[in-house]
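The values are calculated or read from the model by the stated rules, or taken from the named source; none is laboratory data. All values derive from a computational prediction rather than experimental measurement. Quick reminder, even Gly has a Cβ in these numbers, built from the backbone with ideal geometry, and neighbours come from all protein chains shown. Accessible surface is based on the protein model in full, side chains and every heavy atom, while ligands, DNA and RNA are left aside. Shrake-Rupley method; radii C 1.70, N 1.55, O 1.52, S 1.80 Å.
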Amino acid sequence: MLDEAARRGASACEADVSEGFGQSVTVRRQEVETIEYTRDKGIGVTVYLGQRRGHASTSDFSADAVRATVEAALSIARFTAEDPCAGLPEPELLARDARDPDLCFPWTIPVAAAIDIARRSEQAAFDVSPRVTNSEGASVSAHQAHFISANSLGFMGGYATSRHYISCCAIAGEGDDMQRDDWYSGQRDPADLARPEAIGDYAARRALARLGARKLRTRQVPVLLEAPLAAGLIGSFTHAASGGALYRKSSFLLDALGKPVFPDFVRISERPFLAKGLASSPFDDDGVQTRDREVVVDGVLQGYFLSTYSARKLGMRTTGNAGGSHNLLVEPGPLDFAGLLKAMGTGLLVTELLGHGINYVNGDYSRGAAGYWVERGEIAYPVHEITVAGNLKDMFRGIVAIGNDVVVRGSKQVGSILIDRMTVAGS
């Protein structure tokens, strides 16, 4: 692709080739519901004519298709307006001789064995209580892939990855009082997956705990976001601090660099080389070398998440984040989950969020929620059909504590987060 683009007159070119395959099985009420096999492959090429850019892709690996794809990208570039920020990264920023990050742990599990694991997980859910009356199924998924990226500045790199899952979703109760909840384990290495019985058992207990849920009157109270939801809150921060949102001026964190965004005990680190990390990578989608860095220190924002293009739009330097963040670790505090409940005293524990009511321009936040009402540091009863609302700027600054009950959800590793006050809207 690079040679073909140069032969046809491109001033620069970047290309990638990827291939992946996997299988997943789903069991519901101990019967096999689905068996799926996937195999994906793709070629993408981006060419530049000066500062005009064109991109095209195909899943056909034949020589004729490669040539046609390059020509399609060039045709697009010829009719595209010049963009002074378009182009490849500066050569000195590219990853040279990047080491293999060792992220591939194949799981060549026979279908029959995967079905057995799914059945064991689901059966563990049913075994918890006769009040677990149904299931949305248990699934086992194994996937691996590899890719090569290259550009006309001499960069070439790639590696293999894997990602495997076990999940279970249980339904408890009958009639008008039925509740569902789920749990899953996802890892690069199948040896690190949680036991299937533990996943099913926990999913069932979560569903049972939600039976008898009530509504709440509208009020302002402290809110504790369970660790998986806290990862979503950190995701909102990364979105607002990303170059695309910033140069479009669609972020409430405009001009926040070097300023307090969180309380002074909050520290967020980026670790691209974390062993078996779900977001580890020696280089970003532009081929730029990644590096360990501190994103937030003592609550102060130290750096944005910038690709080559967004950095140029902002007059800044890329941070190696084309394609997203790499293993964001939020430093945990001393309190475990029970300790966070006691620190909150009376308030709302949120275990589920619904909808996407976030305005990143001004930070307004409003989402449907379910969870538990907490009194004197103890869970009193489950609640549902409520809304939690606030503003992300106030929510970030209002963080009271971060728990040591850390979970990994994609590129985020964080414990539960206690926020001093939010509006809870109910009946």
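Just to make sure I understand: if all protein chains stay in place, what is the order of Leu233, Leu274 by accessible area at 1.4 Å, largest first?
Highest to lowest solvent-accessible surface, that is Leu274, Leu233.
For Thr58, Thr346, give the ranking by accessible area with the largest first, probe 1.4 Å.
Thr346, Thr58
Answer rounded, prolate or oblate for the stretch 91-229, using the Cα gyration tensor with square roots of eigenvalues a ≥ b ≥ c: rounded when a/c is under 1.5, else prolate when a/b is larger than b/c, else oblate.
Cα axes put the stretch 91-229 in the oblate bin.
Which whole DSSP H helices in the chain pass both tests: a Cα extent of 15 Å or more along the axis and a mean Kyte-Doolittle value no lower than 0.5?
In the chain, the long hydrophobic H runs are 63-78, 227-240.
Using alpha-carbon pairs under 8 Å, 6+ residues apart, how would you state the relative contact order of the chain in percent?
15 percent
Summing +1 for each Lys or Arg and -1 for each Asp or Glu, what net charge is found among the other residues whose Cβ lies under 14 Å from the Cβ of Glu375?
+3
Of the accessible area of the chain, with the probe set at 1.4 angstrom, what percent is carbon plus sulfur?
Answer for the chain: carbon and sulfur cover 49 percent of the accessible area.
Accessible area of Lys41, 1.4 Å probe, to the nearest 10 Å²?
Counting only protein heavy atoms, the figure is 100 Å².
Ignoring ligands and nucleic acids, what accessible area does Met422 show with a 1.4 Å probe (Å², nearest 10)?
Solvent-accessible area, nearest 10 Å²: 10 Å².
Rounded to whole Å, give me the distance from the Cα center of the stretch 50-75 to that of the stretch 162-224.
45 Å
What shape does the chain have by the C-alpha gyration tensor, where a ≥ b ≥ c are the square roots of the eigenvalues, rounded means a/c under 1.5, and otherwise prolate means a/b greater than b/c and oblate the rest?
oblate
Would you mind working out the accessible area per residue for the chain, using a 1.4 Å probe, and quoting it in Å²?
45 Å²
To the nearest 0.05, what FRET efficiency results for Arg39 and Phe337 with a Förster distance of 56 Å applied to their C-beta separation?
E(calc), rounded to 0.05, equals 0.85.
Leaving ligands and nucleic acids out of the surface, order Arg421, Arg248 by accessible area at 1.4 Å, largest first.
Arg248, Arg421
What relative contact order, as a whole-number percentage, does the stretch 1-52 give when Cα pairs under 8 Å and 6 or more residues apart are counted?
This gives 43 percent for the stretch 1-52.
Tell me the net charge near Ala338. Cut-off is 14 Å between Cβ atoms, Ala338 excluded, with +1 for each Lys or Arg and -1 for each Asp or Glu.
-2
Here are some pairs, Lys215/Lys393; Lys249/Lys313; Lys41/Lys313; which of them have Cα atoms lying more than 21 Å apart in this structure?
Over 21 Å apart, Cα to Cα: Lys215/Lys393; Lys41/Lys313.
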